[in-house]
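**Q** Got a structure for you, questions after.
The values are calculated or read from the model by the stated rules, or taken from the named source; none is laboratory data. This one's a predicted model, so the numbers in the text were calculated from it and none came from an experiment. Reconstructed Cβ throughout: ideal geometry from the backbone, glycine too, with neighbour counts over all protein chains shown. Note: areas computed on protein heavy atoms with side chains; ligands, DNA, RNA excluded. Shrake-Rupley method; radii C 1.70, N 1.55, O 1.52, S 1.80 Å.
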Amino acid sequence: MCSSDLGFFEPLFYLLSMRAGLGSLVGTVSMGGRQVPYDVFVAPALMASSAMNGAVYDSTGNVMHRLKYARIYDAALATPMSPAELAVGEIGWALIRGQIYAISFLAVMAGLGLVDSWWCLMALPACALIGLTFASIGFAGTTYMRGWADMDIVTTVSMPLFLFSATFFPTSAYGSWAWLVQVSPLYHGVALVRGANSGVWSVGMVGHVLVLTTLSVVALRIASRRLDTLLRK
């Protein structure tokens with residue numbers, strides 16, 4: 001099983017383990033002012049994580065191969081395409097993969113009875129924004145990598161994001177460290193998907209959207225400039 005497949009199946013296996021074992025021990029969790037089963041609390045966060053994984057894996061390893069080894073981008077620049085258009089194209093494809101993961105995960109959630117509201121369909125555009133954010137960050141980061149050994153950085157960064165973005169516990173459980181959880185880009189995506197699944201919306205959702213949008217724009221600009229620098233040496 002390749003790493004991109006694990007980007008979908010790893011969160012899925014976590015979800016199944018929560019439903020079959022740990023969820024029955026935890027009981028209910030407070031979300032949006034009401035108590036919900038633990039697996040209903042965790043499922044949207046794992047859906048957001050799946051969208052992140054799909055975007056990150058596609059915008060790092062595949063981009064590394066095309067940029068430094070296959071030299072595909074050098075050939076592409078012989079056409080009227082610009083580095084910015086190359087970056088947008090690659091990030092767009094990574095976003096599509098992340099969205100495929102999200103749709104598949106939502107179908108699994110529906111099949112397990114973990115969908116809490118028809119508003120859950122709004123989780124798909126939320127996951128698209130998550131995919132755009134992490135694909136842009138992943139692409140920008142890859143332009144700084146020197147070789148395949150640096151790909152270990154992807155796992156080193158993505159695993160803590162997965163575990164500590166209010167994925168498995170509400171922010172109140174982190175006590176005085178809650179502010180650090182809220183620094184995570186994935187936290188904002190988790191909050192959006194969780195709100196969509198429960199049908200509970202607040203003004204704070206606008207802030208989550210703005211954070212992810214800002215990160216996407218900044219990372220995309222960095223990626224296009226770095227690509228221009230690398231390919232026009």
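**Q** Given a Förster distance of 35 Å, report the FRET efficiency between Ser30 and Ala84 from their Cβ-Cβ distance, rounded to the nearest 0.05. Before the final figure, lay out the partial values.
**A** Working: r = 45 Å, r/R0 = 1.28.
That pair, Ser30 with Ala84, gives E of 0.20.
**Q** Okay, next question. Convert 20 °C to kelvin, take the viscosity as 1.002 mPa s, use the Kirkwood radius over C-alpha pairs of region 62-136 as Rh, and evaluate the Stokes-Einstein diffusion coefficient in µm²/s, rounded to a whole number.
**A** Values: Rh = 14.3 Å.
This corresponds to a translational diffusion coefficient of 150 µm²/s.
**Q** Testing the spin-label approximation: label points 7 Å from Cα along Cα→Cβ at Met159 and Val218. State their distance in nm.
**A** A separation of 2.7 nm, rounded to one decimal place.
**Q** Under a crude label model (7 Å from the Cα following the beta-carbon direction), how far is Leu231 from Met151 in nanometres?
**A** 2.1
**Q** At a threshold of 8 angstrom on Cα-Cα distance, excluding pairs fewer than six apart, so keeping six or more, what relative contact order does region 97-233 reach in percent? Show your work: numbers first, answer last.
**A** On the way: 117 pairs, mean separation 55.0, N = 137.
Relative contact order, region 97-233: 40 percent.
**Q** If you don't mind, there's one more thing I want to ask. Measure off, as a whole percent, the carbon and sulfur share of the 1.4 Å-probe accessible area of the chain, all protein chains present.
**A** Details: 7470 of 10910 Å².
The computed percentage sits at 68.
**Q** Does region 84-185 come out rounded, prolate or oblate by the C-alpha gyration tensor, with a ≥ b ≥ c the root eigenvalues, rounded set by a/c under 1.5 and, if not, prolate when a/b is larger than b/c and oblate if not? Display every interim value, and only then the final one.
**A** Working: a/c = 2.19, a/b = 1.21, b/c = 1.81.
Note, shape of region 84-185 comes out oblate.
**Q** With no solvent and one equal point scatterer per Cα, compute the Debye intensity ratio I(q)/I(0) for the chain at 0.15 Å⁻¹ and report its log10, rounded to two decimals.
**A** With one equal scatterer per Cα and no solvent, log10 I(q)/I(0) is -0.95.
**Q** For Ser117 and Ala70 in the same chain, what is the full-extension length gain: residue separation times 0.36 nm, less their Cα-Cα distance, in nm?
**A** Working: separation 47, 0.36 × 47 = 16.92 nm, distance 4.61 nm.
Between Ser117 and Ala70, full extension yields 12.3 nm more.
**Q** Gaussian network model of the chain, Cα springs within a sub-10 Å range: biggest mean-square fluctuation belongs to which of Ser176, Ser30, Ser184?
**A** It is Ser176.
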